[in-house]
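Report on the structure given below.
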Amino acid sequence: MADDERVAVKTYVPRYQKELWEAQAEELEMSQSEFVRTMVQAGRTSYEIPTDGTTEQGGSDAGATGGADLADRILEVLQRRGVLDWDDLVDALVDDVEADLDAELQRLQDENRIRYSGRDGGYVVTDDE
C-alpha cells in the first residue's frame with residue numbers, strides 16, 4: 001500500500017453528535033469529512049482552524065499561537081511531497097502527527113497519568129489519590 005494512498009475511516013457516534021458536527025462543518029464551509037479530519041488534527045496538536053479572519057484553536061477563541069508551527073509543517077509537507085490539494089494536505093498533516101499521538105499516549109500511560117477505559121469508551125485521567 002502506498003504511503004499516500006487514501007483509505008476510508010469509519011466511526012459511529014450518537015445522532016446528536018453527528019448533527020452537531022454537520023452544523024459546525026456548514027458554519028466553517030467544510031464538508032463533513034473535511035471537518036472531522038480537521039477536528040481530529042486539532043485535538044491532537046495546537047493545529048489552528050482559520051475562520052473568517054479569526055483563529056480558533058481546539059474549538060475555542062484563542063490568539064494566533066502556533067501559527068508559525070503550522071506554517072512550518074505545511075511547508076515541510078509540500079517540500080517533501082510536492083503539489084497537494086486540500087484533502088491530501090490535511091491527510092498528510094494528520095499522518096505526520098499520528099506517531100506523535102501514539103508516543104504521547106504511551107508515555108502518559110507509562111507514567112500512570114492516563115489509562116484506557118473500555119467502560120468509559122476512551123482514555124481517562126487517572127486519579128493520583
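Values quoted throughout were computed directly from the atomic coordinates according to the rules given, and no laboratory measurement underlies them. On a predicted model such as this, the values are computed, not experimentally measured, just so you know. Positions of Cβ are backbone-derived with ideal geometry, glycine not excepted, and every protein chain shown enters the neighbour counts.
Across the stretch 80-129, Cα-Cα distances exceeding 17 Å account for 53% of all pairs. Here TYR116 and VAL9 are evaluated by their C-beta separation; at R0 = 22 Å the FRET efficiency comes out at 0.70.
The distance between label points at ARG107 and GLU27 comes to 3.3 nm (points 7 Å beyond Cα on the Cα→Cβ vector).
Modelled label positions at ALA42 and VAL83, each set 7 Å beyond Cα in the direction of Cβ, lie 3.0 nm from each other.
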